[in-house]
Amino acid sequence: MASSIAGLNLRKVAQQGSLSVHVADQLESLITEGKVAVGEKLPTENSLCDSFGVSRTVIREAITHLKSLGLVETRRGVGTTVLRATTVEAKPAERISATTVEDILHVLELRLALEPAAAELAAERHDDADRVLLASSHDAFIKAHAEKSQARVEDYEFHHAIAKATKNPFYKSFFEQLSQSVIPRAKLLSIEINPDASSRYLERVQEEHAYILEAILSRDAEAARETMYQHLNRARNMYAKYRDQ
């Protein structure tokens, strides 16, 4: 049973900062405070769009963030259901060395400065050949994940395809110079990886890639920039937590 919109006291979000973060923060508070109980469904996507005064892309991003925290799950034809009232974030490893964490965070900092703009340009400039390459790269990631791979190569190729689609050769050369080292999991040792938690983490990555792909192929430049930013920022925030271990 879906929660009543009227009873949730949702507030429209101000048009500043990341809208999806503002939405996710409100929804996370409702869940962790028990105002939407475990087992209940969140209001529909359309209802949330109306209540918050934001686009479907923003709501999707917010729900993806809640999934990354283990709070909800979404099933086709059913909706988004609350799984638990406390966060349990999926991580690719139990522990990572301090040096590796810093290397990962430095690369993600660089990618955050470049890739949202690349996704925006790809949405505006891609051609038919790019569409084929982007879709096939995403399909390859899905296949690799299904086969229990860490999908490092496939992850790189998806982001590389976006860089190519910008039609700016310097984005492409940036990726080719860094190669697979742009993918955080490429820096992890096999003994550091937790297979079950890593699989849940890759499910999240796969879904985030799907939203980025949809935005690019729809030529929605704003959504492409936002979904890419949130994708990389979630990774940065998650890896930053390893500093405290």
Give, in nm to one decimal, the length gained when the segment between Arg243 and Asp25 is fully stretched (0.36 nm per residue of separation minus the Cα-Cα distance).
76.2 nm
Could you state the number of Å between the C-alpha centres of segment 141-163 and segment 25-92?
26 Å
With every protein chain left in place, what is the accessible area per residue of segment 59-100 in square angstrom, probe 1.4 Å?
48 Å²
I'm a student and want to see the number: the projected area of the Cα convex hull of the chain, averaged over all directions, in nm².
13.2 nm²
Just to be sure I understand: if I project the alpha-carbon convex hull of segment 100-245 onto a plane and average over all orientations, what area do I get in nm²?
7.9 nm²
What ranking do 182-189, 75-82 get when scored by the average of other Cβ atoms within 10 Å per residue, highest first?
182-189, 75-82
Along principal axes, largest first, the alpha-carbon spread of segment 73-170 in whole Å comes out as 44, 44, 26
Length-normalised contact order of segment 150-245 in % [C-alpha pairs under 8 Å, at least 6 apart]
20 percent
Roughly how many nanometres apart are two label points built 7 Å out from the Cα toward the Cβ at Asp196 and Asn168?
4.4 nm
Evaluate E = 1/(1 + (r/R0)^6) for Ala210 and Thr86, where r is the Cβ-Cβ distance and R0 equals 22 Å; express this FRET efficiency to the nearest 0.05.
0.25
Most fluctuating residue given options Asp128, Asp155, Asp139, as computed from a GNM of the chain linking Cα atoms under 10 Å:
Asp128
Taking 0.36 nm per residue of separation between Val153 and Glu45 and subtracting their Cα-Cα distance, the length gained on full extension comes to 35.5 nm
Any DSSP H helix in the chain with Cα axial reach of 15 Å or more and mean Kyte-Doolittle score of at least -1.0? Listed by number, the hits are 19-32, 56-68, 98-125, 128-146, 152-165, 195-217
Taking 115-123, 35-43, 210-218, 197-205 and ranking on average Cβ neighbours within 10 Å, highest first, one gets 115-123, 210-218, 197-205, 35-43
Give the residue from Leu110, Leu133, Val82 lying farthest towards the positive end of the charge dipole for segment 44-189; charges sit on Cβ (+1 for Lys and Arg, -1 for Asp and Glu) and the dipole is referred to the Cα centre.
Val82
Scoring the chain by relative contact order with C-alpha pairs under 8 Å, at least six apart, yields a percentage of 23 percent
With every protein chain in place, segment 113-245: carbon and sulfur % of accessible area (1.4 Å)
51 percent
Length gained, Ser55-Leu110, 0.36 nm per residue minus C-alpha separation, equals 17.0 nm
Please give the calculated 222 nm ellipticity per residue for the chain, where each DSSP H segment of at least 4 residues contributes -39500 (n - 2.57) and the sum is spread over every residue; nearest 500 deg cm²/dmol?
-20500 deg cm²/dmol
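The values are calculated or read from the model by the stated rules, or taken from the named source; none is laboratory data. In this text, all values refer to a predicted model and were calculated from it rather than measured experimentally. Counting neighbours? That spans all protein chains shown, and the Cβs are built from the backbone with ideal geometry, glycine included. Side chains are part of the model used for accessible areas, which takes the heavy atoms of the whole protein and leaves out ligands, DNA and RNA. Shrake-Rupley method; radii C 1.70, N 1.55, O 1.52, S 1.80 Å.
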